[in-house]
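Worksheet: the structure to be examined is printed underneath.
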Amino acid sequence: MTETTVQPRMPSPVARAALLAYLLLIVYASWFPFSGWQNQGLSPLIFLEHTAMPRYWTKFDAIINVVGYMPFGALVVYALYPRLRGVAAFVIAAACGVLVSGTMEAVQTYLPSRVSSNLDFYTNAAGAAVGALFGTLSATALLDGSPLYRLRQRWFVQHTSQGLVLMALWPLAQIYPQGFLFGHGQLLPILSDWLSELLDTSIDLVELVRPGAELTVEQYWLSETIITACGMVGAGLTLLCLMRKHAPRAGLLIGLAGAAIVVKSLATALLFSPENAFVWITPGAQGGFLIGAIMLAGLAFAPHMAQRRLAALTLLLSLLIVNTTPVNPYFLSTLQGWVQGKFLNFNGAAQFLSLLWPFFALWFLLLPSHKLNRP
């Protein structure tokens, strides 16, 4: 008679990394645009003093608030598992939803461009509670030997939880309108606006870095080709760094690129108009995408160390060019038709991803865990 060994249930690093990433998105979306901070003489808890609902609100706002906090509640439960389960995990996750939502509303009293609301607080807290309930009911099925968990163990190396969350966010980073396909990390224009407001004078960091930076059509085309290729190769090689040798590399790379293209098209159609869904397919984007695909095909079976170094190099090159290339006038005219409206908070989170994704990727590529050999 043989004894069966029951492996102890282990916490999910992926869930904890995803929870941290989602919390950062909530903070950015709630406090966007991070300007005009001042004490308006109001109590930070004034939103709790009002018993009546706000005068201006819509069902759309309420639904978005509930849906937006549901993943947060579920991720808190998953992050606590298996140390805390059942009712205890649900209560803590729901309480975290109340605490985070209340903090976001309280800080908004110091932002003149934002209005703290008891409705936002209640709906956000309710969304976290609904998500916590779903997480409580699904934690065992999703985290204890589920097919998804077995695929993760079979295809990806250990110590890649942050990387998996990072790669899942890359397609979502395409939502925010960008001047170049896969042109993430364009910080200089944002920093220019912040410094101009802080110093009360017009400052253009792009002009300071690259004086007289007026480019011809051919130069814009070349810049977009390089940016697209480098952004695609950087993301693809980062994904390859996570894979075991027998993982379906081609299929996963195609899936990543396909998800990014689908999200980009849907976001463009939603934020602008359906007929503009593919307006981003320019000659430069097409050339860069083709070059990126060829490079990834050739580097798919390169040594792990080479993939990691080339991923960092291409991301750095993309950051350099995207921050020193003036915004295309055609792109600026396209933005005139962008009415953010109800999606203001959502667009803030999308901008956060677009700006900081390459920097998070570079941080991840420098982690010492990459020195481990891939079986």
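Just so you know, all these numbers are worked out from the coordinates, no wet-lab data involved. Remember, predicted model here, so these are calculated numbers, not experimental data. All Cβ positions, even for glycine, are placed from backbone atoms using ideal geometry, and neighbour counts span all protein chains on display.
Just a few scattered comments:
- Computed from backbone phi, the HN-Hα couplings of the range 156-164 come to 10, 6, 6, 6, 10, 4, 4, x, 5 Hz, rounded to whole numbers (Karplus: 6.51 cos²θ - 1.76 cosθ + 1.60, θ = phi - 60°; Gly and Pro given as x).
- The residues packed around GLN178, meaning those with a beta-carbon under 13 Å from its beta-carbon, carry a net charge of 0 if Lys and Arg are +1 and Asp and Glu are -1.
- The phi torsions of the range 263-275, fed into the Karplus equation with coefficients 6.51, -1.76 and 1.60 and a -60° offset, translate into couplings of 4, 4, 5, 5, 5, 5, 5, 6, 6, 10, 7, x, 6 Hz, rounded to whole numbers, with Gly and Pro shown as x.
- Cα centroid separation, the range 109-125 to the range 263-307: 37 Å.
- Hull-based mean projected area of the range 219-277, where the convex hull spans the alpha carbons, in square nanometres: 5.1 nm²
- Amide H contacts under 5 Å for PHE156, placed H, 5+ residues apart: ARG244
- Under the convention that each Lys and Arg Cβ holds +1 and each Asp and Glu Cβ holds -1, the size of the dipole of the range 13-144 around its Cα centre is about 140 debye.
- As a rough footprinting exposure proxy, the listed residues HIS184, HIS159 were ranked by other beta carbons within 10 Å of their own, and the order from fewest upward is HIS159, HIS184.
- Taking 0.36 nm per residue of separation and subtracting the Cα-Cα distance, full extension of the segment from LEU266 to ALA141 would add 41.8 nm.
- Global form of the range 59-153, assessed from the alpha-carbon gyration tensor, a/c cut-off 1.5: prolate
- Cα-based shape type of the range 276-330, given that a ≥ b ≥ c are square roots of the gyration tensor eigenvalues and the cut on a/c is 1.5: oblate
- Other residues lying with their Cβ under 14 Å from the Cβ of GLY234 contribute a combined charge of +2, Lys and Arg counting +1, Asp and Glu -1.
- Packing around the peptides 111-117, 350-356, 190-196, taken as the average count of other Cβ atoms within 10 Å per residue, puts them in this order, highest first: 350-356, 111-117, 190-196.
- Spread over its residues, the convex hull of the C-alpha atoms of the range 109-183 is 179 Å³ per residue.
- Per-residue extension of 0.36 nm, minus the Cα-Cα distance of ASP193 and SER43, leaves a gain of 51.0 nm for this segment.
- Rounded to the nearest whole Hz, the Karplus-based 3J(HN,Hα) values (6.51 cos²θ - 1.76 cosθ + 1.60, θ = phi - 60°) of the range 355-363 follow the sequence 6, 9, 4, x, 6, 5, 5, 4, 4, with x at glycine and proline.
- Qualifying chymotrypsin sites (Phe, Trp or Tyr not before Pro) in the range 38-138, DSSP loop, other Cβ atoms within 10 Å at most 11: TYR56
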